[in-house]
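Here's the structure we're looking at; comments come further down.
Since every read-out is calculated from the coordinates, none of them should be taken as a lab result. For clarity, every value in this text was computed on a predicted model and none was experimentally measured. Neighbour counts run over all protein chains shown; Cβ positions are idealised from the backbone, glycine included.
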Amino acid sequence: MENQQDFEQMTEDQLKERKDEMLSFYQESMPYLEAQLSYEKTLTEIEEHRFKRATYQMQWAMMMQNPESEMPENSPEEETSADKPKKLKRN
C-alpha cells in the first residue's frame, strides 16, 4: 500500500521517470536472467540423464539376475533319484 501512495503523490513526470528506471533495470537484468535460465535448463537435462542411466542400470541388473533364484525348489530339471517314482517289476 505504501508503494501505491508514493505513486499517487508523484507528478506525471516523476511517474514517467520512475517507470523508465524500472524498465531500464529489467532490460539490464535480462542477460543475467537468460544466463541463469540456460544454466538451470542444463542442470535439469543432466539430472534427467542421470535418472535415465540409473533406471537402465537397475533394469539391466534385474534382467541379469540369476534365473535359478526364481525357479521353485523342486523343478523338473533338479529332480534327484529320491524324488523320481519307482517302477514296479512285473513277474
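Potential lengthening of the chain between S29 and E8 amounts to 4.9 nm, from the contour at 0.36 nm per residue minus the alpha-carbon distance.
Neighbours of E12, meaning other residues whose beta-carbon lies under 14 angstrom from its beta-carbon, give a summed charge of -1 when Lys and Arg score +1 and Asp and Glu score -1.
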